[in-house]
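I have placed the structure first, in the form of structure tokens, so that the comments after it can refer back to it.
What follows draws every value from the coordinates through simple rules; no lab data is involved. What you see is a predicted model, and the numbers here were worked out from it, not measured in a lab. Glycine also receives a Cβ, built like all others from the backbone with ideal geometry; neighbour counts cover every protein chain displayed.
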Amino acid sequence: MVGAVVALAAPVAARAYFFFFMKKLFLFGALISAGFIAPPAGPYFSGKIVYHNTFKTLAGEDVSAQLGPMFGLDDPYYIADNNYKMYTENKQLVELYTGATNQFRFYMNGKEAAALDAATGTPGTVQPLAKTATIAGYPCQSLQSANEAAGTTTVYYYTSKLRVNPERFAKHAMGDFYTYLKASNGGLPLRMELANTKQGFVMVSEATAVQAMPLTAADFTTDAPAR
């Protein structure tokens, strides 16, 4: 599979990154006891986070230039209440989740490729890490997830300064997103380091900008423009 990624065979690469984006910003498994102190409820974040993405093979070859045009190198991610969406830097929709229907939609080159019920998901294992970092000006804690079935290991750096209400995503089991939000007390990730040994790639996604803004349910539809 590594060779396929290196060669950038389109069908294989598309499948590999399709599964990545379905799991992006998701943490696998259950964190039973992390020892974190829960912050007070609210205020909750509504706005945009821009993530810069880099892609490498497991051998360390940088393939960002080849895969960036398809999946984006600087992706604006919007979240508010129980909805989220992501675009490429060219304002092509990549993913859209609407809490009212609990439906996750994935897009390739701006066109819908799949519509999935977010109530399904396969858990892995999760553990807190001692690593800390300052990302986009925010102090971050870290968690690590591992999913043997998927062949993935991911380190997430998240901040308690940017939070959503976990209970608003209580039905979002896909990727164990609800479990992640409970474990992080709703803290949103500002850096994700994902390695997929089965598909043969590594992706690092790090926030470069954060902008609070009011968003409503009308902003989370297929036809809603990026802001």
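Take every Cα-Cα pair in the stretch 98-172 and report what % of them are more than 14 Å apart. Everything past 14 Å amounts to 73 percent.
The charge dipole of the stretch 77-159, taken about its Cα centre with unit charges on the Cβ of Lys, Arg, Asp and Glu (plus for the first two, minus for the last two), comes to roughly 160 debye. Classified by the C-alpha gyration tensor, the stretch 135-188 has an oblate form. Its axis ratio a/c, with a ≥ b ≥ c, is 1.5 or above, and a/b does not exceed b/c. With the cut-off at 1.5 for a/c, could you classify the stretch 100-227 from its C-alpha gyration tensor as rounded, prolate or oblate? Because its axes are fairly even, with a/c under 1.5, the stretch 100-227 counts as rounded. Multiplying the residue separation of residue 114 and residue 226 by 0.36 nm and removing their Cα-Cα distance gives an extension gain of 38.3 nm.
Of the peptides 186-198, 142-154, the ranking by mean beta-carbon count within 10 Å, highest at the top, reads 186-198, 142-154. When the P(r) is computed for the stretch 38-171, the part past 19 Å accounts for 64% of the Cα-Cα pairs. Ordering 135, 147, 115 by Cα displacement along the dipole of the stretch 56-172 toward the positive end leaves 135 in first place; charges were set at the Cβ atoms of Lys, Arg (+1) and Asp, Glu (-1).
Where Lys and Arg each count +1 and Asp and Glu each count -1, what net charge lies around residue 55 among other residues with Cβ under 11 Å from its Cβ? Charge balance near residue 55 sits at -1.
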